1. Along each of the three principal axes of the Cα atoms of region B:83-150, give the extent in whole Å, ordering the values from largest to smallest.
2. According to a simple spin-label model (label point 7 Å from Cα along Cα-to-Cβ), what is the distance in nm between A:Lys382 and B:Thr28?
3. For chain A, give the magnitude of the charge dipole about the Cα centre (Cβ charges: +1 Lys/Arg, -1 Asp/Glu; no others), in debye to the nearest 20.
4. Which far-off residues, 5 or more places away or on another chain, put their amide H under 5 Å from the one on A:Arg237, with H placed in the peptide plane?
5. Hey, got the average number of other protein chain Cβ atoms within 10 angstrom for residues in A:293-305?
6. Using 1/(1 + (r/R0)^6) with R0 = 41 angstrom and r between the beta carbons of A:Ser286 and A:Lys494, what's the FRET efficiency to the nearest 0.05?
7. Of A:Ser457, A:Gly140, A:Leu446, which is farthest along the charge dipole of chain A in the positive direction, counting Lys and Arg as +1 and Asp and Glu as -1 at C-beta?
8. Between A:Leu411 and A:Arg237, what FRET efficiency follows from the Cβ-Cβ distance if R0 is 56 Å, with the result rounded to 0.05?
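The values are calculated or read from the model by the stated rules, or taken from the named source; none is laboratory data. Computed from a predicted model, the values in this text were never measured in an experiment. For neighbour counting, all protein chains shown are included, and Cβ atoms are generated from backbone atoms with ideal geometry for every residue, glycine included. We work out accessible area using only protein heavy atoms, side chains counted, and drop any ligands, DNA or RNA first. Shrake-Rupley method; radii C 1.70, N 1.55, O 1.52, S 1.80 Å.
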Amino acid sequence: MDAFASALGAVSDPFTLLAIMAGAVIGIVFGSIPGLTYSMALALVLPITFKFDTSAAVGMLLGTYIGGMTGGSVSAILLGIPGTPSAAATVLDGYRMTRNGRAGLALGGAVLASGFGGIFSLLVMIVSVDLVARLAIQFGPVEIFALVLFGLSTICGLAGKSLVRGMIAGAIGLLLMTIGLDDMDGVARMTFGWTPLLQGVDLLVAMVGLFAVPQIMKTLIDYRLDRAFKLNASGVRSELPSFRQLRNSFWLMFRCSALGTGVGSIPGTGGPIAAFLAYDHAKRFSKQPQRFGKGELDGVMAPESANNAVTGGAMIPLLSLGIPGDPATAVMLGGFLIHGLVPGPMLFTHNKTEVYLIYLAIFVSYLTVVVFQYFGIRGFVKLLKVPPHLMAVGILIMCGVGTFAIRNSFLDIYMMVGVGLIGYLLMRARIPVTPIILGLVLGPTLEREFRTAVIMSEGSFGVFFSSPTAVIFYALTIAVIGFHFFGQMRDAKKTRDAAGGDKTQQQGAN
Amino acid sequence: MTSRRPDIMLSTILLVVSALWCWGVVATIPGAEDGSRLGARGFPLGLGLLLGGLSLVILLQSLRPGAAETASDEAAAADVSRGVEIWSIATTVGLLVGYAALLEYTGFLIATALVVAAAVGPVLGIWRPKLIIGMSVGLSLGIYLVFGKMLGVYLPYGKFVNLAF
């Protein structure tokens, strides 16, 4: 209880509260503007938190994460463009409601469902995270290696349409992390005698470069081609659903929140999948499925409760095992590490206060998000009217300031530009950038545990198959890769068959 | 547009990178001394070979007869004219590199005001004095006060010019 009391004290500190709220607002802003992602917001916010104490820093990061997840619904409903991929399902009925003149109700319903889903998943997370951590505390280097390997298999889920390209991205991330001084042998790796490289590629520099720089480039392209989005809504106010509507939708929100939490706890899945599954579930079990797609409130509340429930679900593997499941949690893992919190089983014995602090900060973040999104909707509408190319100028400045603040190094700004340029070119070559981050975050642990296990076994590689837990993780890794591999083969076959069918039809017509 | 040519180019570049990487590892990192049979060299070398292997898969896929258009992801789907794209890349890189250099020599306030003014005026072509002045002064002073003064984030001093620190 002492730990809980200390955490409560830390969260009640005015500066920490302010940091959480500021994070939530920044998250909503980045989440609500199409093109700006909350992963980018987290990467830009992280350097600002360096001077904060752990509670304020962790609170601000969590606030940004949660704000970002909920903010996506604003532009999904008002513009018909999801601010985040997680809000894509919300567009289906949310935008239709706006066109039917019911934007206020859609926004109010989305806010309420977001808060419900978030708090629901928080409660599930509090119960399960401790259980998972208790199991994981007995892990040695072999099991941790196997677990991190399994974590890396989430690359398959983040790889987009090509598994090989996702794996290339992961390999690039892992390669980059080996540059610099090797902790175990104390030798320089791939520095070619250049001393500044001894400190290696900073994770944050890479994150800002990969998330923000390509986005600035894309915004400028849209500006030149005159295809930026334009908002025509004005005078919008949030409106809460009636008690009767809420009573009718309660079990739907409950089921969708459970679904979202479950999906979120599986690394490599995330908000978009949960939201579409929830939308499909709501439509399938609705008494009036024909109303979906035409402006049905349940079509907004279902995906919004599910995608927000993903936040708590994603926290389960992050906190208990140190495995991030999506880009945002990967950035947060980096942030936690920088502030001295090492997610994993030991977190629950060494940093109990901080664990409670995380729970409380998530709760406060959701409260802030609900209040700000409900009462501050007019502000967000105004913000959506700021042209994206002017917003890009501000982000460009923040990239420079944020990157410099990491190590007070001008070289880091040049490195960030280089990484960003490579990131953009890789994206153009259809190589996803998120697995690079996963490789950068998980790479050092993977190598350290592997080498430690081999040293402890005096050079025998058989040690990796000596633990049943490790073997289970290998099997899961193979299963995940196999699942995605065969899924892609099936999709490719379907595409080929469809193309073949088209050709036959054309020949028949000729 | 088929994905064959860009894929051949991509995989060739990655194969060259992987070969250079592996050469760099063998030439500059000493072998195992920690009894792990791997040492500091093992991981980078293994990863370099993995990258090479994966690039070879892409190369073979793109050389396969009938390898035509594949569904595109993210930015690749964008129908972007080459000139606009090069302009956007050059502008972003130029502004950021220029900003880094200006930060070093003129300090945060001047560098930010100049880069914002350059970005809005000459680069974006929005010649509205009120907007240019408002954004340059607003952003530089706003970030200076909020980040530099309130949050204690270290903002760079200028080697040549130094204002307000």
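1. The Cα atoms of region B:83-150 stretch 42, 27, 18 Å along the principal axes, largest first.
2. 5.3 nm
3. 2100 debye
4. The list, which skips near neighbours in sequence, is A:Gly104.
5. 0
6. It comes to 0.90.
7. A:Leu446
8. Efficiency, from the Cβ-Cβ distance: 0.70.
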